[in-house]
Amino acid sequence: MGRLTEAAAAGGGASAARSAGPPPAPLPLSSTSPGCTATMASSEEDGANGGASEAGEEREAPGKRRRLGLLATVWLTFYNIAMTAGWLVLAIAMVRFYMEKGTHKGLYKSIQKTLKFFQTFALLEIVHCLIGIVPTSVIVAGVQVSSRIFMVWLITHSIKPIQNEESVVLFLVAWTVTEITRYSFYTFSLLDHLPYFIKWARYNFFIILYPVGVAGELLTIYAALPYVKKTGMFSIRLPNKYNVSFDYYYFLLITMASYIPLFPQLYFHMLRQRRKVLHGEVIVEKDD
Amino acid sequence: LFVFNSPPSRPAVVSAGSPVPGTVSGARSQRTLVEILDAKTREKLCFLDKVEPHATIAEIKNLFTKTHPQWYPARQSLRLDPKGKSLKDEDVLQKLPVGTTATLYFRDLGAQISWVTVFLTEYAGPLFIYLLFYFRVPFIYGHKYDFTSSRHTVVHLACICHSFHYIKRLLETLFVHRFSHGTMPLRNIFKNCTYYWGFAAWMAYYINHPLYTPPTYGAQQVKLALAIFVICQLGNFSIHMALRDLRPAGSKTRKIPYPTKNPFTWLFLLVSCPNYTYEVGSWIGFAIMTQCLPVALFSLVGFTQMTIWAKGKHRSYLKEFRDYPPLRMPIIPFLL
């Protein structure tokens with residue numbers, strides 16, 4: 001620790017757009033340390049757990065700007081605009097559905113294709129980190145996107161009986177607002193023209209959205225448990241020729257339990273980020 | 001003579017050496033004043049006056065411990081720049097870019113534990129844990145299986161191989177390896193033991209399970225895999241011995257390893273870290289022998305980690321030795 005980085009989402013080339021002028025370059029802040037990289041990496045889950053707009057860590061020496069090629073800048077700008085648009089479309093579709101039907105039942109089914117498309121597309125963010133056009137660590141980005149992919153494909157898509165649960169709407173709303181904020185933040189940063197309210201939104205919405213999203217996700221997984229147990233889905237039993245077994249039910253229980261250590265870490269990390277970026281507080285990191 | 005206020009405690013002033021009788025005044029004026037500051041808070045922690053210019057960082061660390069006994073030398077990181085790299089114990093004061101006053105920045109590396117302790121603990125665990133599953137100790141499998149024995153030969157072979165592997169590692173830790181670092185951070189022991197013990201338990205559970213399924217191609221597969229395992233274990237041991245002979249006892253010198261008369265060491269022609277190559281080979285052999293997916297996953301994770309280490313080692317070799325053999329790859333001949 002002691003290295004300062006700013007938590008920035010995997011989808012953005014925020015560092016490229018960090019200008020010398022106002023707003024002041026956010027102080028880099030680190031929450032990763034050599035010894036606990038694994039823990040912290042997995043704790044960098046962002047909107048996967050609802051509200052945190054941070055998807056990862058940027059490593060940047062104070063004052064040094066990343067030089068992004070023109071192609072990378074153009075691509076990232078396009079990517080972030082596209083994702084902002086996609087999640088906006090989702091948001092509008094959800095609002096319209098509720099206005100027309102007056103109920104949340106059937107809402108997931110109506111938006112599922114769009115949701116799956118844009119959320120799966122976010123896998124590209126891992127590639128962005130791999131090729132270095134986004135300064136976030138691959139592991140951090142990977143964990144975040146994976147947790148979203150897990151919720152979408154391995155829970156809501158695969159376990160049909162829970163698709164009309166209220167908890168699904170809960171996390172969908174949290175994700176939607178988070179992602180619109182996050183991607184527009186990156187878009188504006190890349191264009192070197194970040195309105196303060198976007199920055200404000202990014203560093204304040206999570207306070208509510210994050211717990212809301214986590215609640216939605218946990219309640220959804222909880223609702224799915226009986227069906228998983230009954231059908232034995234995604235599970236392998238002994239004996240089999242690869243001498244392995246896997247019980248999806250227990251896997252889900254462990255996943256739910258893992259939220260307990262991870263959520264507070266991420267949440268407090270976000271709070272620290274917020275204090276730094278919005279209030280310019282200098283926080284001396286704990287030494288290892 | 002050096003007095004100032006620095007909360008919470010006054011920095012200690014330690015005289016490093018008494019004047020050598022008969023020295024010319026010029027030599028005495030070369031003695032350095034060493035001040036040690038906290039790297040984060042810049043608080044002055046300690047003054048060492050009259051330090052001999054040829055003093056090493058190790059000696060300075062010992063002096064610093066005298067005034068701050070809670071920071072034993074192993075947990076001190078001293079550097080010239082608060083954000084810079086740690087100085088080595090062997091570095092000599094006068095060879096560093098310092099004037100008559102050397103300012104060193106101190107960082108606490110945290111509680112340290114010796115490499116030997118970590119290795120012994122992390123290897124003893126799997127040895128013991130695997131045997132718990134092999135003997136089908138109660139509360140693992142159903143009660144009717146308690147203390148029963150598998151009817152498959154390969155299961156007994158697997159136990160012998162796994163146990164041999166970890167006994168070999170323990171003995172190598174005690175008698176073969178020469179460590180360049182004495183200690184590592186304490187938290188590493190928890191991380192490492194979780195990894196080794198966890199995987200050992202996971203593998204052992206399936207291999208020794210009453211419902212274990214022997215390999216698809218039967219005795220042929222087992223024999224071939226066993227041969228791979230044994231060859232790679234011999235290879236790994238040969239490399240460890242060769243590396244040991246490269247470095248005299250108590251020294252931290254680094255030399256380029258070369259093939260010896262032992263054919264197993266000829267792999268040095270093609271890779272920088274053949275010990276890792278053979279280690280991966282051993283586990284692949286074990287995976288094929290047991291046809292157990294968790295073993296394959298363990299091999300994969302181990303391979304990933306060892307590749308990272310091998311690449312790092314390869315890079316340091318290249319940096320340190322201009323004449324490093326160009327044909328060598330880090331871990332897999334020609335490929336990786």
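The values are calculated or read from the model by the stated rules, or taken from the named source; none is laboratory data. All figures in this text were calculated on a predicted structure; none of them were measured in a lab. Cβ coordinates were reconstructed from backbone atoms using ideal geometry, including for glycine residues, and neighbour counts include every protein chain displayed.
Within the bounds of the stretch B:314-336, is there any residue that is more than 26 Å from B:Gly218 (Cα to Cα) and part of a strand (DSSP E or B)?
So far as the stretch B:314-336 goes, yes, one or more of its residues are more than 26 Å from B:Gly218 (Cα to Cα) and part of a strand (DSSP E or B).
Listed residues B:Met306, B:Met289, B:Met241, B:Met329; which is closer than 26 Å to B:His209 by Cβ and among the aliphatic types (A, V, I, L, M)?
B:Met289
Would you mention how many residues in the stretch A:111-139 are among the hydroxyl-bearing types (Ser, Thr, Tyr), at pLDDT 95 or above and over 13 Å from the mean Cα position of the chain (by Cα)?
1
Tell me which residues, restricted to the stretch B:46-61, are crowded, with 21+ Cβ neighbours inside 10 Å and either assigned to a helix (DSSP H, G or I) or under 26 Å from the mean Cα position of the chain (by Cα) (or both).
Selection gives B:Ile57, B:Ile60, B:Lys61.
When A:Leu194 is evaluated against the numbered criteria (1) among the hydrophobic types (A, V, I, L, M, F, W, C); (2) modelled with pLDDT under 95; (3) under 21 Å from A:Gln119 (Cα atoms); (4) in contact with a Phe, Trp or Tyr (Cβ under 6 Å, 6 or more places away or on another chain), which criterion, by number, is the only one it fails?
(3)
Applying the selection to the stretch A:244-258, what residues are surrounded by 13 or more Cβ atoms within 10 Å (Cβ to Cβ), among the aliphatic types (A, V, I, L, M) and away from every other protein chain (no Cβ under 14 Å)?
Passing the criteria: A:Leu252, A:Leu253, A:Met256.
Let me confirm something: among B:Phe190, B:Phe147, which residue is within 14 Å of chain A (Cβ to nearest Cβ) and without any contact (Cβ under 8 Å) to a residue 24 or more places away in the chain? It would help to see each step written out before you state the result.
On the way: B:Phe147 fails: within 14 Å of chain A (Cβ to nearest Cβ).
Going through B:Phe190, B:Phe147 in turn, the sole match is B:Phe190.
Among the candidates B:Tyr105, B:Tyr123, single out the residue that is within 14 Å of chain A (Cβ to nearest Cβ) and among the hydroxyl-bearing types (Ser, Thr, Tyr).
That would be B:Tyr105, the only listed residue that is within 14 Å of chain A (Cβ to nearest Cβ) and among the hydroxyl-bearing types (Ser, Thr, Tyr).
Looking at the stretch A:136-146, is at least one residue loosely packed, with under 14 Cβ neighbours inside 10 Å and either out of contact with any Phe, Trp or Tyr (no Cβ under 6 Å at 6 or more places or on another chain) or among the aliphatic types (A, V, I, L, M) (or both)?
No, there is no match, as no residue in the stretch A:136-146 is loosely packed, with under 14 Cβ neighbours inside 10 Å and either out of contact with any Phe, Trp or Tyr (no Cβ under 6 Å at 6 or more places or on another chain) or among the aliphatic types (A, V, I, L, M) (or both).
Output the number of residues of the stretch B:100-135 satisfying the condition of being among the small types (Gly, Ala, Ser) and free of Cβ contacts under 8 Å to residues at least 60 places away in the same chain.
1
Please find, among A:Leu194, A:Leu218, the residue that is assigned to a helix (DSSP H, G or I) and more than 14 Å from every other protein chain (Cβ to nearest Cβ).
Unique residue meeting the criteria: A:Leu218.
For the stretch A:157-166, check the following and say yes or no: at least one residue is of a type in the set (Asp, Glu), under 20 Å from A:Leu252 (Cα atoms) and more than 13 Å from the chain's Cα centre (by Cα).
The answer is yes, given that some residue of the stretch A:157-166 is of a type in the set (Asp, Glu), under 20 Å from A:Leu252 (Cα atoms) and more than 13 Å from the chain's Cα centre (by Cα).
Confirm whether B:Thr290 is in contact (Cβ under 8 Å) with a residue 24 or more places away in the chain, within 14 Å of another protein chain (Cβ to nearest Cβ), hydroxyl-bearing (Ser, Thr, Tyr) and closer than 26 Å to B:Cys161 by Cα.
Yes, satisfied.
So that you can scan it fast, the table gives a plain yes or no per residue for (1) under 26 Å from B:Arg178 (Cβ atoms); (2) surrounded by fewer than 16 Cβ atoms within 10 Å (Cβ to Cβ); (3) over 24 Å from the mean Cα position of the chain (by Cα):
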position: B:Lys44; (1), (2), (3): no, no, yes
position: B:Leu63; (1), (2), (3): no, no, yes
position: B:Pro69; (1), (2), (3): no, yes, yes
position: B:Arg75; (1), (2), (3): yes, no, no
position: B:Leu78; (1), (2), (3): yes, no, no
position: B:Asp81; (1), (2), (3): no, yes, yes
position: B:Leu87; (1), (2), (3): yes, no, no
position: B:Thr101; (1), (2), (3): no, yes, yes
position: B:Val116; (1), (2), (3): yes, yes, no
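Scan the stretch A:221-235 and tell me whether some residue there is assigned to a loop (DSSP other than H, G, I, E, B), surrounded by 13 or more Cβ atoms within 10 Å (Cβ to Cβ), within 14 Å of chain B (Cβ to nearest Cβ) and of a type outside the set (S, T, N, Q).
Among the residues of the stretch A:221-235, not one is assigned to a loop (DSSP other than H, G, I, E, B), surrounded by 13 or more Cβ atoms within 10 Å (Cβ to Cβ), within 14 Å of chain B (Cβ to nearest Cβ) and of a type outside the set (S, T, N, Q), which makes the answer no.
Out of A:Gly280, A:Gly232, A:Gly216, report the one residue that is among the small types (Gly, Ala, Ser) and in contact with a Ser or Thr (Cβ under 6 Å, 6 or more places away or on another chain).
The unique qualifying residue is A:Gly216.
Quick check on the stretch B:293-312: of everything there that is of a type in the set (A, V, I, L, M, F, W, C) and closer than 22 Å to B:Thr153 by Cα, which residue is nearest to the other protein chains (Cβ to nearest Cβ)?
We begin by selecting, within the stretch B:293-312, every residue of a type in the set (A, V, I, L, M, F, W, C); these are B:293, B:295-298, B:300-301, B:303, B:306, B:308-310.
After this cut, where a residue has to be closer than 22 Å to B:Thr153 by Cα as well, the list is B:293, B:295-296.
Details: B:Leu293: 4, B:Val295: 8, B:Ala296: 8 Å.
Ranking the candidates gives B:Leu293 first.
Looking at B:Pro330, B:Pro263 in this structure, which one is over 24 Å from the mean Cα position of the chain (by Cα) and more than 14 Å from every other protein chain (Cβ to nearest Cβ)?
On inspection, the qualifying residue turns out to be B:Pro263.
One residue is enough: does the stretch B:201-221 have a residue meeting the conditions touching a Gly at 6+ places or on another chain (Cβ under 8 Å) and either buried (at least 20 other Cβ atoms within 10 Å of the Cβ) or more than 14 Å from chain A (Cβ to nearest Cβ) (or both)?
Checked the stretch B:201-221: no residue is touching a Gly at 6+ places or on another chain (Cβ under 8 Å) and either buried (at least 20 other Cβ atoms within 10 Å of the Cβ) or more than 14 Å from chain A (Cβ to nearest Cβ) (or both).
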